Structure formats: structure tokens, C-alpha cells
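K.L.:
Can you keep this structure in mind? I'll have questions shortly.
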Amino acid sequence: MLDRWRLILRYLPPYRRIVVWGFVSLTASVAMIAATPLCIRVALNYVEAVAKAGSRPDLQTVAFWAGAAVVLTVLGGLSGFFKRYLLMGVSRRLETDLRRDLFHHIQHLPRSYLDGVRTGDLLSRATADVEAARLAAGPAMMYLADAALRTPVVLGLMFFLNVEIATFALLPLGGIFVTLLFMAPRLKEASRVVQDQLAEISARAQESFSGARVVKTFAMEHREQRDIDARSIDYLHANRRLARVRGVVWASIGFLTSCGVLVIFLVGGRQAIAGDAGIGDLVAFLAYQFMLTWPMMALGFVLGMIQRGAAGLDRIREVMEQPLEVEGDADVPAVRGEIEIKGLTFGYNGDRVLSGIDLKVSAGSTLGIVGATGSGKSTLVSLLPRLYDPPPGTVFIDGRDVHEWPLAQLRAAIAAVPQEAFLYSRSVRRNITFGRQDATDDEIEAAVLRAHLTPDLGQLSEGLETVVGERGVTLSGGQKQRTSLARALAVDAPILILDDPLSAVDTETEAAILGHLKEFGAQRTVLIVAHRISAVRDADHIVLLDEGRIAEAGTHAELVELGGAYARMARAQELEEEIERLEP
Amino acid sequence: MNGAWRNVEESGRASWRTTGRLLRYVAPHRWLLTGLVTLLVVYSLSTLAGPWVVGKAVGEGVIDGSVEKLGFWMLVFMGAALLRTILSYCQMQLTTLMGQRVIYDVRTRLFRHIHRLPMSAFNKTPIGTLVTRVTSDVEALAELFSSGVAAVCQDLLTLVIVVVILFLVDVPLAVVVLAAVPLIVGFSLWFGGRMRKAFRAERGRLSELNGYQHEAFTGITVTRLFGREAHMQAGFEKRNLALRAARFKMIFNFSLFWPMVELLSALVTAGVVLVGAQRIGLVALGWDDFIFFWMLLMHFFEPLRDLSDKFNVLQAALAAAERIFGVLDTEEEEVDRPDAVAPKRLRGEIELRNVSFSYVPGEPVLRDVSFEVAPGETVAIVGPTGAGKTSIISLLSRLWDVDEGSVRIDGRDVRDYERRALRRRISVVLQDPFLFDGTIRQNLALGREIGDEELRRAARTVHADGFIERLDGAYDATVAERGANFSVGQKQLLSFARALVHDPDVLILDEATSSVDTETERLIQDALDRLLEGRTALVIAHRLSTIRRADRILVMHHGRLCEQGTHNELLAQGGLYARLHALSFGAQERRVG
């Protein structure tokens, strides 16, 4: 078990010099800032004394101390700059490193784990939680260190200058601290209510706009409006409640700060009249009190930051502790492409998807897989590249258990067209060469041709260089599918898996592609999952899955002859094609 | 420096227009606004009263050696502080109240407007964008009221008062301070521009990185299948480092800003000490005035420091306001004709006369369709996917209007009816009834006042009472996540009940395609019979039994009406219907038979 703070602090060692210099700067800045009022005090006390004596102050003396104050401020500012720049910089470095490793880890998590989490959840861990961890490791630590150093130094100086004023000045400062301690939970609660109400409005709006069609057809706009009005009113009240709490907090702090001024001038003033203190002392105290107000106020939210950081790190740790995909054995000979499945039974989370599957596909032959939605076709083909791990001793390639192949080599030997045609938002060319970056222009051309993508490229403004996806052109379902197919065909792999690759293309295009595939697949082992009979008709062997079992198996002719589910599918498809061709 | 100013000027023109429109939302609350402004003035004055009183306390008390005077002035100081505390509280409450009232108006108005947009607007704009308009954008606007405008006004007011007082008290000292004003303002704005630029660059890189991550997580299977994990990692690291670099730049700017402001304040303070020392020596300036000055300076720099921040808030709010007005400017559904009628009841005669219709110009989904439905008749529409069946529904309830021809109900063009009145008399039962988060009761009544007994009777009629009453809370049970807790069949019965509760004259039914178990099937068929009784009904049918019980069947193909007649007539014709029948129900009949 990883310690949560170690999760981010383990990246610290290379940056320790920066951290050391950061803390040196911090110390320097506190020292300079604390020393500045001393100069002003000396200057003012001098002027006061001289004025009392009735003579003119020597401008040079005043200028010296004023100048000293300016120099100290400049130095304080400079060290303050380095403090922030260095320490914040380190926190950003830690964040970058943590994010890199988290990304790497997520990239290699097994599918079985990824299926159980939502993408949005992973994303929020990789973004919001990493940020929370950084805030705790960076700014929170800096403010904490600053407060820890500043408070004793300033307090020490105050007591050194004047014990009585210092003692009384502590009272309002303590008051501020207590007020915040007392009000913080109320403030948090009130703003939580506001957040919740807003989330509710958001959810309601989402639902209401998604259901716009229903809202219109049932003429229920008034109801929707009443509902959102009511929620908006609630939100208004929640905001007013928050403003009341906030108002109390800010007004109290303002009042207590004024009390501080009162104490300084009342106590200090009496002393000054008695001649025990100078006006310079009063002004210096004013500055010191100001300096201590901030750490008092910061303490509350710094603690909050650390709590949120810890929570964020815990959520990151949950992901980082997940075991990665298991790599296979060391190097082995090249894959020929013979596939064998023996007594395979498989399921997810206790739901059995496949049972008692036995299959043999010799190298270079084609297997067609048909069956109803949910019969286990996609699951069956996803076990070969080990997207899910089959039980040991059930799935073999070239007579060797898939678990005994190195994972990278196993997947390199399989080119696949997954059911969902996912494309990255980059150019069509880079999508096609995704599996094989060294593909030549001729090879890309060949893949494009086989996938029947040429006419589509003509329609796109920049052909192969057109950027697709979120930041580019949106392709139609059929275009996506064919690009995904071209991507697989560009890879020269001994095994080709096609998971319903032609569901979104029309019959003519399908026929053309199937023609190309026949030629391409001659030297390869091809597994093709399909909803349409036309896609598997020419396969060397066809299996029909029903509820995870092989219900029928044979060639197209044999299965039609059998007169079972396959034959019915074939007949239905013929009718469908006939209707499609009808022109009214 | 020029860049920053030019930006301000360019966005300025558009901003004035937006500001003008925003003011219209403030107008109804002008009394609140008047109160607020008064409060601001008093508050600013009370803020300045403190330093003046302390000055007096020092001058008349400490320097002149009078404990009584010191005590008196400090008492006055406490009074001022108390007043200021109360004022600051009131001001916050008033600002919040006004800001929240304005955004309440904006939000509800926006919401109403969105629901009046034509269906095409919903198809064009992602729902998420619309939601952002009524949430985040409205919130950004709230920020304008709660922290932006009030704070800026107060700051500027304080600044002006301070300058005036400074000149009244001592001209040379005032000059020293005033000389710093353009310096600080200029610096703050210039640096603010730099920081905004760095910030924008950082946001850009961040969203790029997040986009990349999102895509990488979504496409993880493809990455694996093609063994490109290392490639994806490299792409990620490139963006990760780019973000880090952008952030270093941002940190640099942020780290530099505060020390620079401090430095400027220090220079001014030192100037005050120097000039002040000289003038105290000359006895032109008393200690009281000096202390007054000194404490004024503390208030003087505060507003200048975060001028740039406030400016940001203002800009963000104006940008949000522009987006909001963008939606408000989108045209609503065509308003009803002035002489539009609002029928209490319909006879239920439907006629489509040479109707052509397309969602996208040039891609017709209905071509020259004509048919009639007599009152009380049940007509089934069948045809392959994409034949244009669903479009007919949309035309009848006027979600869309025809391109050519006319849709008539009771012999009158649907465009001559009041839209909402028409929709109230026509119930549409959709394939997948959209269930809202809420109770069963709310989902059935859809905002109308429906009596308990009426509700129960409707549910009983369509056999929905059985499962509803078994639910925890029965009619008050909540529907979770769009009805995820109901089966397909149950949802279908719920939508029947919903239609029945509204007792429509015309019923349009888009039958569910998904299969249900035989028992539920029997219930649904029986419920359907009761629902259709005495109403004109148009059914997009998928179930053989529904088609058979229809008085007439219309067969659609490629947007045209190509056959019509009864089941037996059409089967005998041996045309498209016969083939569709064989395709869809061949298996069904075999299984049943």
C-alpha cells in the first residue's frame, strides 16, 4: 500500500535544490518584510522627537531611513518573487510527473477494470484530483511555511518593541482566528447548498432540453417553466443565505481589524503621552498587525486545501494500485495464424457470455461468426488479442496459449476492426497509419482502395490530410467504419479480425469491399463477425452463436441445407434486399 | 502596452451594446439600485472617516498630551467602525439581492425562450451548450453583480474621495501620491493584459491536454489492438510538458506582479515620509494630517491592486452576456396567426394533401403524400426504416411545418390552429416514452391538474395499475434516471396511461419495436384496444396484431405512400406489404405457430 503523500512527494528528490532555495527565499522575504516597519518607526520617532524639541528635522536622516525601508521592500519583493516562482514551480513539476505516471498506468490497466469505471470518472481523477494534490503540495505548504515563520517573527518583534501594546493587539487577532474557526463550517455548508442547488438547476435544464420534443407535443412548457422558476427561487434564497453568512464573516473581520487599530492607538497613545512610546511605534504596530491578519485568515483555507489534496490523492491511489495487464513470456517465433479454442467458457462479473466453445481455424482460412445481438460474438473475438483474459488453457494461437505470447507480439500479429469505429482526432492519413507508421504512400493507397474509401476522400476538402473527429470534420458512420477498416488493412498481420465491419455501409459498397477482402485474406487467417449473411457467405467455415453456444456450424451451403436459424436469416436478408431494390 | 489598450477599445464597442441590454434587466430593480448606490457612497465615506478620526486622536490627543481627547476620538473611531461594519453587511446583502434577482429574471426568461425555439434549433445545438447557457453563463453574469460592478464603483468612489481630500489637506503631499496613480493604474492594466494572455495560453494547453486524455481513454481499445501505447504516451508527455511550460510562464508573471505593486507602494510611502517630514518641520502639516494621510494610503492602494482582476470579471461577464443574448436573439417558433383558433375538442378528421417535407433542404423525407383519416378510424402506417413514418407524426403536432401541400385537421390547415391548443388535443405516444425525474403521478399528469380517481381509472384502463400499485409509494413512487427502473413493457403501459389521462381526440402512436414477453404483450394489446376506442388514431405499427386490427393500412417507402388497404387486400396484392409481412412476421408467426 502506497502512502498517499508519498504518491506525490516521491517525485521531489530531483528538485530538492530548488526547494531549498525556495525556502531560503521565503525566510529572506519574511525577514525583510518584518524589518521594514522598523525603519519607518525610527524615521518617525526621530521626526517626532526633533519636532518636540522645536527644531527642524535633518532631511538626510529621514531620507536614509525612508530609503532603507524602500530597499528592504525591494529585497523583500524580490525574495518573495523567488519564493513563489520556485515553490510554485516545483508543485507544477510534481503535478506534471504524477500526471504522466497516472496516464501511463491507465493506459495499461486491464479492460476488465476499465469496463467497470466510467471514462468521466477516470478523467476527473486525472484532472481535478491531480490539481487538488498539487494545491496541497504547493500553495498550501508555502502558505503554511510562511505563516509558521512569519507569526513568531512578527510577534517577537512586537513584544520586543512594546510588551503592553503587543499584548493588547493580540486580542483582536485571536478574535479573527476564532471567528473564522467558528464560521468556517457554516460558510462551507451554505456554499455547499448553493452548489447543490445549481447542480439541480443544471440537471433539470439538461433533462428538460433533452425532452424538448415531449415538452412540445404535450404542451407542457408551463409546467417546465414553473419547475425551473421554483428551483431558481430556491437558488436565490440559498445565495442570500450564503451572503448572510459571508456578510457576518467579513463584517466581523472588518470590525476586529478596526478594534486592532483602536487598541494600538488607545494603549499606544496613552504610552506616547506618557513618553513611553513614539508615533513611529504606533505606525509600526499598525503594519505588524496588518501582517498577521493574513496568516490567520489563510490558515482556514490552507487546511481545507490539504484535506482536499489528501482526498484527491486517495482517489488517485485507488487507480495506481490496480494491477496492470499481465505481460506474456519472453521472445517466441513469429505467428503463423492458426487458432484453436478448446472448451472455452467465459463471462464478465459472473454473467456467463460464452460456454463450451470448441473451434479450430487453420492458418490462412476464413471463419464467419453470426448470431443475434448479445450472443457472444464480439466477446469471442476480443479474447484473441487478450482485450479480456480468457481462462488459461482455452485459447491457442499456433498451438501456444495466448497467455504465453508476449502481449506486444500477440497484438502485433493481429490486425483488428473493432465493432465501434473509433478514430482519433487527427488526419485520415495518420489514422490509417496508426498501426503502422512506416507505411509507404503505395501501401496507404492500397489500404484505402481495399476499404473502398477512395470516393469519400474525394469528397473531403483535404483528402487524406483532412482532420477528423472533435477538432475536425465529422465523418458518417460508414466513412468511420471504412477508415477503421483501412487502418487494419494497412497493418501486415497474419491474423485479421473484423467485428461487424460493414454494418453501416450499403449493400453495393459491401459487395465491393468483400471482393477486396477475399483477395487480401487469402494469405491470412480471417475472423469475420457479421449481422448480414452476405459478409460470411464465402467463408471457409461459419459458426452461428446462440446465447454463448455454437448452435450451428458448417459452410454456407451446408447451413442453408440444414434449414435452421441460419437458413431463416439468409431468407430474411434476401427479402430485405429485394425491398431495398423496389422503386415505388 | 498598446496591445492591451487596443484590446480594451475593440471589445469596448460590442460591450457597450451588451451593457445597454443588461441595464434593461436592472431597470425593474431601480429602487434597489438607488439604495445600493446611496449605501456605497455612505460606506466609502465611513471608510475614510476612520483615518481622519485617528489623525485627530494623534494630533489632539497624543501630540497635545490630552488623554481625554485621545479617549474621545477613539470612541468616535469605534462608532465609525461600528457604522462601517453594519454598512458593509447591508451592502453585501443588497448587492446579492439585486444580483440574484437580475439573474433570476435572466435565467427564467432564457429558459422560457429555449423552450419556444423550433425543433430544428434543438437538433442543431448540442443540449450541453444550452445547459451551459442557463447555468455557467448566467453564473458568470451573477459575478458581475456580486463582485464586479459594486466593487468597481466602490473602489473608484473611494479613490476619487481620497484624491479630493488629499488636495484639501495638503497639496504637495497629494501631488506625491497622485503622481503614482497613473503609474499604478497603467502598470496594473498592462500587467493584467500580460497575465490574461499567459492565463489564456495556459487554459488552451490545459484543454488540449484534457481533450487528449479524454480521447486516449475512450480509444484505449484501439490503442491496444494496434500496440500504440508508447506513441500515445509520447503524445501525452509532449502536451503535459507544454502545459507545464505555459504554467511556468504564468507563475513567473503572477510572482512578479505583487512585488512590483509592493515596490510602487513603497516608493509612494517613502515619498510621503520624506515630504511629510519636511512639512512637519515647517509646521505646515500637523501630525494629525500626517497620520490621516498614512492611513489613507493603506486604502489607496487596495483598489488599484486588483483593478486588473475586476476587469477580468467584467470581461468574462460581458462575454457570457453576449452568449446569452445570442440565444435570446434566436428566433422562436413562428408565432400563431392572429386569427388562429383554439378548439376545445376536435372531431378528429385528418387529411394530408400533397405533402412534401424535408429536414435538410434538398433531402426530402416525404414526397407528395396524400391520405385521409375519418373521425374514429384507426390507420396503421408501415414501411421499412427511413420511409418517413415518424415525420408524419412531427407534422401533425406541428413540431415541423410542411414544405409543400398542407396538413389539415377537421378540414382546417394545422397552421391556422393555436399551436399549444392543437397539441393539447393530440396525444403522441412515443416508442420510448420520455420519463422525467419525478413521481409517477407527475409523469402521467405532465403538469395538469388531474384528480386521484381519474389517475387511477386511467391506469386501470390500460392495465398499468398492477405494477404501479406494487411500487413503493404507488403513484408517488419516483422515476429514477429516465425510467431505468421500468421494463420496456411497463414503460409502454405508462405512456398509454399518460395519453389516456389527457383524453385526446387524436392519438398518434409510435409503437415500440422491442419484444416483450407474451403476458405483457397480451396486456399491451388489450390496453391498446381500450385506448383507441372512440378516437382517431394513427399508428406507426410494428406488431402484426396492431396492424391487423387497424381499419386501414398505409404502406410507406422512400418517402412516398405506395399502397393502402386492409391487411387481407394488401396481402392479396402481393406487393411491398406482402414482402414486408414475410420479412418481419415470417419468424413471428412461425414462433407463435
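K.L.:
What do you reckon, is B:L528 within 40 Å of the chain's Cα centre (by Cα), part of a helix (DSSP H, G or I), crowded, with 20+ Cβ neighbours inside 10 Å and of a type outside the set (S, T, Y)?
P.N.:
So B:L528 fits the description; yes.
K.L.:
Could you go through segment A:84-91 and let me know if any residue there is in a helix (DSSP H, G or I), touching a Cys at 6+ places or on another chain (Cβ under 8 Å), farther than 13 Å from B:I220 by Cα and at the interface with chain B (Cβ under 7 Å from one of its Cβ atoms).
P.N.:
no
K.L.:
Something else about it: Please go through (1) open to solvent by 10 Å² or more (accessible area, probe 1.4 Å); (2) within 14 Å of chain B (Cβ to nearest Cβ); (3) modelled with pLDDT under 90 for A:I165 and return the number of the only condition it doesn't satisfy.
P.N.:
Status for A:I165: all satisfied but (1).
K.L.:
Within 24 Å of B:R133 (Cβ to Cβ), surrounded by fewer than 18 Cβ atoms within 10 Å (Cβ to Cβ), among the charged types (D, E, K, R) and out of contact with any Leu (no Cβ under 8 Å at 6 or more places or on another chain): does that describe A:R192?
P.N.:
Values: within 24 Å of B:R133 (Cβ to Cβ): no; surrounded by fewer than 18 Cβ atoms within 10 Å (Cβ to Cβ): yes; among the charged types (D, E, K, R): yes; out of contact with any Leu (no Cβ under 8 Å at 6 or more places or on another chain): yes.
The answer is no for A:R192.
K.L.:
Of all residues in segment B:47-78, which are among the small types (G, A, S) and surrounded by 19 or more Cβ atoms within 10 Å (Cβ to Cβ)? Can you show your working first?
P.N.:
Initially, segment B:47-78 is screened for residues among the small types (G, A, S), giving B:49-50, B:55, B:57, B:59, B:61, B:65-66, B:71.
Hits for segment B:47-78 are B:G50, B:G55, B:A57, B:G59, B:G61.
K.L.:
Being facing chain B (nearest Cβ under 7 Å) and open to solvent by 10 Å² or more (accessible area, probe 1.4 Å) is the filter here, so list the residues in segment A:201-216 that pass it.
P.N.:
Within segment A:201-216, A:S202, A:Q206, A:S210, A:R213 qualify.
K.L.:
Let me ask something additional. Given the residues B:P361, B:P384, B:P343, B:P338, which is the only one that is open to solvent by 50 Å² or more (accessible area, probe 1.4 Å) and either over 30 Å from B:T129 (Cβ atoms) or in contact with a Gly (Cβ under 7 Å, 6 or more places away or on another chain) (or both)?
P.N.:
Just one listed residue meets the conditions, B:P338.
K.L.:
Answer with yes or no whether A:A133 is touching a helix residue (DSSP H, G or I) at 6+ places or on another chain (Cβ under 8 Å), surrounded by fewer than 21 Cβ atoms within 10 Å (Cβ to Cβ), among the small types (G, A, S) and part of a helix (DSSP H, G or I). Explain how you work it out, then say what you get.
P.N.:
Working: touching a helix residue (DSSP H, G or I) at 6+ places or on another chain (Cβ under 8 Å): yes; surrounded by fewer than 21 Cβ atoms within 10 Å (Cβ to Cβ): no; among the small types (G, A, S): yes; part of a helix (DSSP H, G or I): yes.
So A:A133 fails the test.
K.L.:
I'm told B:R228 meets every condition in (1) more than 30 Å from A:L383 (Cβ to Cβ); (2) at the interface with chain A (Cβ under 7 Å from one of its Cβ atoms) except one. Can you identify the failing condition by its number?
P.N.:
(1)
K.L.:
Just checking, which of A:G280, A:G300, A:G269 is more than 24 Å from B:L296 (Cβ to Cβ) and either at the interface with chain B (Cβ under 10 Å from one of its Cβ atoms) or assigned to a helix (DSSP H, G or I) (or both)?
P.N.:
Within the list A:G280, A:G300, A:G269, the selection yields A:G300.
K.L.:
Now a separate question. With respect to B:V268, is the statement that it is in contact with a Pro (Cβ under 8 Å, 6 or more places away or on another chain) and part of a helix (DSSP H, G or I) true?
P.N.:
Spelling it out, it is not the case that B:V268 is in contact with a Pro (Cβ under 8 Å, 6 or more places away or on another chain) and part of a helix (DSSP H, G or I).
K.L.:
Restricting to segment A:514-561, count the residues that are part of a loop (DSSP other than H, G, I, E, B) and either surrounded by fewer than 21 Cβ atoms within 10 Å (Cβ to Cβ) or not assigned by TED's automatic domain parsing to the domain that holds A:G364 (or both). Don't jump to the end; show me each part of the working.
P.N.:
Of the residues in segment A:514-561, the ones part of a loop (DSSP other than H, G, I, E, B) are A:524, A:530-532, A:536-540, A:547-548, A:555.
Retained after the next criterion (residues that are either surrounded by fewer than 21 Cβ atoms within 10 Å (Cβ to Cβ) or not assigned by TED's automatic domain parsing to the domain that holds A:G364 (or both)): A:524, A:531-532, A:537-538, A:540, A:547, A:555.
Here the count works out to 8.
K.L.:
Of A:R17, A:R41, A:R56, which residue is open to solvent by 20 Å² or more (accessible area, probe 1.4 Å), touching a residue at least 60 places away in the same chain (Cβ under 8 Å) and basic (K, R)?
P.N.:
Checking each option against the conditions leaves just A:R41.
K.L.:
Next up: From the list A:L135, A:L123, exactly one residue is facing chain B (nearest Cβ under 8 Å) and not small (G, A, S). Which is it?
P.N.:
A:L123
K.L.:
Looking only at residues in segment A:59-76 that are in contact (Cβ under 8 Å) with a residue 24 or more places away in the chain and crowded, with 20+ Cβ neighbours inside 10 Å, which one is nearest to A:E131 (Cα to Cα)?
P.N.:
A:G76
K.L.:
Picking from B:F217, B:F252, B:F199, B:F236, which residue would you name as being at the interface with another protein chain (Cβ under 7 Å from one of its Cβ atoms), over 30 Å from A:A63 (Cβ atoms), assigned to a helix (DSSP H, G or I) and open to solvent by 50 Å² or more (accessible area, probe 1.4 Å)?
P.N.:
Numbers: B:F217 fails: open to solvent by 50 Å² or more (accessible area, probe 1.4 Å); B:F199 fails: at the interface with another protein chain (Cβ under 7 Å from one of its Cβ atoms); B:F236 fails: open to solvent by 50 Å² or more (accessible area, probe 1.4 Å).
Step by step, each of B:F217, B:F252, B:F199, B:F236 is checked, and only B:F252 is at the interface with another protein chain (Cβ under 7 Å from one of its Cβ atoms), over 30 Å from A:A63 (Cβ atoms), assigned to a helix (DSSP H, G or I) and open to solvent by 50 Å² or more (accessible area, probe 1.4 Å).
K.L.:
Oh, and also: So the check is Cβ under 9 Å with 6+ separation or different chains; which pairs have a first residue in segment A:375-389 that's surrounded by fewer than 22 Cβ atoms within 10 Å (Cβ to Cβ) and a second one that's among the hydrophobic types (A, V, I, L, M, F, W, C) and in a loop (DSSP other than H, G, I, E, B)?
P.N.:
A:D389/A:V326; A:D389/A:L383
K.L.:
Only one of these is closer than 27 Å to B:T269 by Cβ and surrounded by fewer than 19 Cβ atoms within 10 Å (Cβ to Cβ): A:G254, A:G260, A:G268. Name it.
P.N.:
Just a single option satisfies the conditions, and that option is A:G254.
K.L.:
Turning to a different aspect of this structure: Given the criterion more than 30 Å from A:D3 (Cα to Cα), modelled with pLDDT under 90, within 34 Å of the chain's Cα centre (by Cα) and among the aliphatic types (A, V, I, L, M), identify the matching residue among A:V353, A:V332, A:V326.
P.N.:
Exactly one of A:V353, A:V332, A:V326 is more than 30 Å from A:D3 (Cα to Cα), modelled with pLDDT under 90, within 34 Å of the chain's Cα centre (by Cα) and among the aliphatic types (A, V, I, L, M), namely A:V353.
K.L.:
Select, from B:G211, B:G193, B:G271, the only residue that is closer than 22 Å to A:G77 by Cα, open to solvent by 10 Å² or more (accessible area, probe 1.4 Å) and under 31 Å from the mean Cα position of the chain (by Cα). It would help to see each step written out before you state the result.
P.N.:
Details: B:G211 fails: closer than 22 Å to A:G77 by Cα; B:G271 fails: under 31 Å from the mean Cα position of the chain (by Cα).
The unique qualifying residue is B:G193.
K.L.:
While we're on this one: So, of the residues in segment A:439-460 that are in a loop (DSSP other than H, G, I, E, B) and away from chain B (no Cβ under 14 Å), which turns out to be surrounded by the fewest Cβ atoms within 10 Å (Cβ to Cβ)?
P.N.:
Ranking the qualifying residues of segment A:439-460, first place goes to A:T440.
K.L.:
Right, next: Restricting to segment B:117-138, name every residue that is buried (at least 16 other Cβ atoms within 10 Å of the Cβ) and in contact (Cβ under 8 Å) with a residue 12 or more places away in the chain.
P.N.:
B:L117, B:P118, B:M119, B:A121, B:L130, B:R133, B:V134, B:D137, B:V138
K.L.:
Testing A:A219 on (1) more than 28 Å from A:A31 (Cβ to Cβ); (2) more than 8 Å from chain B (Cβ to nearest Cβ); (3) among the aliphatic types (A, V, I, L, M); (4) crowded, with 22+ Cβ neighbours inside 10 Å, one condition comes back false. Which one is that?
P.N.:
Against the list (1) more than 28 Å from A:A31 (Cβ to Cβ); (2) more than 8 Å from chain B (Cβ to nearest Cβ); (3) among the aliphatic types (A, V, I, L, M); (4) crowded, with 22+ Cβ neighbours inside 10 Å, A:A219 comes up short only on (2).
K.L.:
Can you tell me which residues in segment B:402-451 are more than 13 Å from every other protein chain (Cβ to nearest Cβ), touching a residue at least 60 places away in the same chain (Cβ under 8 Å) and more than 18 Å from B:L538 (Cβ to Cβ)?
P.N.:
B:R415, B:D416
K.L.:
Here's a follow-up. Suppose the filter is in a helix (DSSP H, G or I), modelled with pLDDT of 90 or more, of a type outside the set (S, T, N, Q) and farther than 29 Å from B:L206 by Cα; does A:A49 pass it?
P.N.:
no
K.L.:
State which residue is farthest from the chain's Cα centre (by Cα) when the search covers only segment A:252-261 and only residues that are modelled with pLDDT under 90 and facing another protein chain (nearest Cβ under 7 Å).
P.N.:
Taking the candidates together, the pick is A:V261.
K.L.:
Can you say whether B:F325 is open to solvent by less than 80 Å² (accessible area, probe 1.4 Å), at pLDDT 75 or above and not in a loop (DSSP other than H, G, I, E, B), as far as the supplied structure shows?
P.N.:
Spelling it out, B:F325 is indeed open to solvent by less than 80 Å² (accessible area, probe 1.4 Å), at pLDDT 75 or above and not in a loop (DSSP other than H, G, I, E, B).
The values are calculated or read from the model by the stated rules, or taken from the named source; none is laboratory data. Nothing here was measured: the structure is a model prediction, and the numbers come from that model. All Cβ positions, glycine included, derive from the backbone under ideal geometry; neighbour counts span all protein chains shown. For accessibility, only protein heavy atoms count, side chains too; no ligands or nucleic acids. Shrake-Rupley method; radii C 1.70, N 1.55, O 1.52, S 1.80 Å.
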